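Step one of this worksheet: look at the structure below.
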Amino acid sequence: MSENALTAALARRNAGRPPVWMMRQAGRYHAHYQSLKRYVDFMTLCRDPAFAAETAMGPVHEFNFDAAILFSDLLFPLEAMGMGLRYDPGPKLDFHLREPADLSRLEGGEGKAALLSFQSDAMRLTRARLRPDKGLIGFVGGPFTLYVYAAAGSHERAAQALPGLASGLYDGFNERLLDLLARNMADQAAAGADNVAVLDTAAGEVDEATFRDRIVPVLRELLARFRKLDAHTPVTYYSRGTGPAQWRALDGLPIACLGIDWRHDLAAVLAEFTDRWCIQGNVDPDWLLLPQAEMEARVSEVFARVRALPAACRAAWISGLGHGILQKTPEGNVRRFVQLQREVFG
C-alpha cells in the first residue's frame, strides 16, 4: 500500500502539509448524510456496505478531507456478543451487566468477529473509491468504554459501572471481548485500513490510578492479541478527558498515535510528545458552532502556534478536532476549517 499523508504522519515523517480529518465527519450535520437517512435508518447505513461506503465518502468529496473513516458504530461488538442493539434514537441494548452472573449471557471469542464482516466489506468498498493519496481509518471501541456501555448503557455513566471492577464483572467481560475485538481490528486492517483507532471515550471518567492499573493492562493485552494477527498496521488511541499523567501510562504499548481532546494546548503537546507518538487533534468542536469569522480567528491562532514549531513536530501531527463534529455545526465552518488548514500549512 503506497504512503499517503496520513500514513506518513503516523510514522512521524510527514514532510508535507499535515493531513486533516475530523471525528464524526460523516454525520448529522452533513446534508449528504441527511439525504441518505431519508431512505434508510442508521442501522442500515452501518450494516449495508454500499450505504456505509457512500456515507463515508460524502465528506471526503464535499470537504476534501485527507482521510475517510469507516462509517459504523463502536457498539456492534456488544451486539455480536449477544446483547442486542437498536437505536431509539440513541443506542439501546437488550440488557445490561449488573453482576458476574450476567456474564453467562455473553458469547465471546474470535469467531464472533464474523458477525462484523459488514464493516470489512464497507472498508473494501470505501478503499476502492478513495484516491491513492487519501487515507482510510478503521476503529473499535476501547475495552473500558465498551464495558461501561455494557454495564451502564452510556459512556457518561462510568461511575455506575465501577463496582464491576472489583466484583469480577469487568474482568469476565474482557475475557469474552478481547479476542473478538482483536480479530475485528485485524479484519479491518486486512480490508484496507491504513490505521485502526481505539476510541476510549469513557476512559477519562476514572482517576489516574484506575486508568493506570485497570484500563492500561487490558489495552496492553488487546494490542498484544492484535499484533499476533497484524504486525504492522498502526494503532491510534483516543481517550477523552485524559491528560499527560494518563498518557505516560501508555509508554511501551504498541501505539503509533495519541488522540487528544480539546482541553490541551496543541502546540505544547506536540512539542512534548511527538518524540513518542504522532498526535491527533485537537480543536474544540464547539468552535465550529461560532460565527465563521470568530471560528477562523481562533483556529488561525492555534495553527500559527503549530506552524512556528520545529518541522519534526508538524511531521507527527494529524489535524482535526478534539472530539466529534457536533450536530448543529454549519457545513460552511467545516469547509473553511479545511481550507484554512491548507492555506496555513500549504
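The values are calculated or read from the model by the stated rules, or taken from the named source; none is laboratory data. Note that the coordinates shown come from a computational prediction; the quantities given were computed from them, not determined experimentally. Note that each Cβ is placed from the backbone with ideal geometry, even for glycine, and that neighbours are counted across all protein chains shown. All accessible areas refer to the heavy atoms of the entire protein, side chains included, with ligands and DNA or RNA removed. Shrake-Rupley method; radii C 1.70, N 1.55, O 1.52, S 1.80 Å.
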Open item on the list: For the condition open to solvent by 10 Å² or more (accessible area, probe 1.4 Å), touching a Gly at 6+ places or on another chain (Cβ under 7 Å) and acidic (Asp, Glu), what is the one hit in 179, 187?
Closed with: 179
Open item on the list: Condition check: without any contact (Cβ under 8 Å) to a residue 40 or more places away in the chain and part of a helix (DSSP H, G or I). Does residue 335 satisfy that?
Closed with: no
Task: The listed residue being in contact with a Leu (Cβ under 7 Å, 6 or more places away or on another chain) and either open to solvent by 10 Å² or more (accessible area, probe 1.4 Å) or over 22 Å from residue 21 (Cβ atoms) (or both), out of 253, 229 - done: 253
Task: Selection from region 35-50 of residues that are assigned to a helix (DSSP H, G or I), surrounded by 12 or more Cβ atoms within 10 Å (Cβ to Cβ) and in contact (Cβ under 8 Å) with a residue 24 or more places away in the chain - done: 42, 43, 45, 46, 47, 49
- [ ] May I ask you to say which residue of 269, 299, 283 is free of Cβ contacts under 8 Å to residues at least 40 places away in the same chain, surrounded by 15 or more Cβ atoms within 10 Å (Cβ to Cβ) and not aromatic (Phe, Trp, Tyr)?
- [x] 269
Open item on the list: Cβ-Cβ distance below 8 Å, separation of 6 or more or different chains: which pairs start in region 163-174 with a residue that is within 17 Å of residue 149 (Cβ to Cβ) and end on one that is exposed (fewer than 13 other Cβ atoms within 10 Å of the Cβ)?
Closed with: 169/99
Task: Of the criteria (1) buried (at least 20 other Cβ atoms within 10 Å of the Cβ); (2) touching a Ser or Thr at 6+ places or on another chain (Cβ under 7 Å); (3) under 20 Å from residue 144 (Cβ atoms), which one residue 112 fails - done: (2)
Open item on the list: Pairs please, first residue from region 114-134 and more than 14 Å from residue 76 (Cα to Cα) and part of a loop (DSSP other than H, G, I, E, B), second anywhere and among the polar types (S, T, N, Q) and open to solvent by less than 80 Å² (accessible area, probe 1.4 Å), Cβ atoms under 9 Å, 6+ apart in sequence or on different chains.
Closed with: 131/4; 132/2; 132/4; 133/2; 133/4; 134/4
- [ ] Go through region 127-163 and give me each residue that's open to solvent by less than 10 Å² (accessible area, probe 1.4 Å) and touching a Pro at 6+ places or on another chain (Cβ under 8 Å).
- [x] 135, 140, 141, 146
TODO: Determine whether residue 189 is within 17 Å of the chain's Cα centre (by Cα) and within 25 Å of residue 81 (Cβ to Cβ).
DONE: yes
Open item on the list: Out of everything in region 313-332 that is assigned to a helix (DSSP H, G or I) and in contact (Cβ under 8 Å) with a residue 60 or more places away in the chain, what residue ends up being surrounded by the fewest Cβ atoms within 10 Å (Cβ to Cβ)?
Closed with: 331
Open item on the list: Name the residue that is farthest from residue 201 (Cα to Cα), counting only residues in region 238-248 that are buried (at least 19 other Cβ atoms within 10 Å of the Cβ) and out of contact with any Asp or Glu (no Cβ under 7 Å at 6 or more places or on another chain).
Closed with: 247
